[in-house]
């Protein structure tokens with residue numbers, strides 16, 4: 001889609017953006033209120049985008065982030081419940097993509113989502 005006022009700019013749909021938006025929180029930093037994805041949504045989003053990446057360094061970075069933040073979330077019953085709730089609320093197709101990605105990058109998640 002081309003924007004009329006800026007014909008040189010093409011809008012590109014951002015897949016999975018609803019996950020980050022629907023499950024967000026506001027943090028305050030240096031006088032600014034910043035909306036960021038909840039940690040559970042951030043982990044799931046990383047697992048969703050890994051298969052779409054072409055740059056190996058970005059794949060490694062996303063996998064590292066998903067695995068380590070995900071492990072932290074799984075340590076506590078309350079955080080684990082939020083992660084599972086976020087996962088369960090996703091469309092079945094997204095859940096399947098996350099499970100497939102988790103096989104290689106965060107296998108422990110499979111124990112909690114099956």
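In plain terms, the residue of 60, 75 with the fewest other Cβ atoms within 10 Å comes first and the most crowded comes last, giving 75, 60. For semi-axes √(5λ) of the Cα gyration tensor in Å, the value calculated from this model appears in (1) 42, 31, 14; (2) 109, 8, 6; (3) 26, 19, 14 under label (3). Working from Cα pairs under 8 Å separated by at least six residues, relative contact order for the chain is 20 percent. What shape does the stretch 56-95 take by its C-alpha gyration tensor, where a ≥ b ≥ c are the square roots of the eigenvalues and a/c under 1.5 counts as rounded, a/b above b/c as prolate, and the rest as oblate? It comes out oblate by the Cα gyration axes. Largest mean-square fluctuation among 69, 45, 17, in a Gaussian network model of the chain whose springs join Cα atoms under 10 Å apart, belongs to 17.
Estimated from helices alone, the mean residue ellipticity of the chain at 222 nm is -18500 deg cm²/dmol (sum of -39500 (n - 2.57) over DSSP H runs with n ≥ 4, per residue). For the chain, with a Gaussian network of springs between Cα atoms less than 10 Å apart, report the residue from 64, 72, 29 with the top mean-square fluctuation. Result for the chain, Cα springs under 10 Å: 29 fluctuates most. Highest GNM mean-square fluctuation among 50, 59, 34, for the chain modelled with Cα contacts below 10 Å: 34. Apply the a/c threshold of 1.5 to the C-alpha gyration tensor of the stretch 12-64 and tell me whether it is rounded, prolate or oblate. Prolate shape, in that a/c is at least 1.5 and a/b is the bigger ratio.
Each value in this text was obtained by applying a stated rule to the coordinates, not by laboratory testing. Since this is a predicted model, take the numbers as computed values, not measurements. Here Cβ is always computed from backbone atoms with ideal geometry, including for glycine, and neighbour counts include all displayed protein chains.
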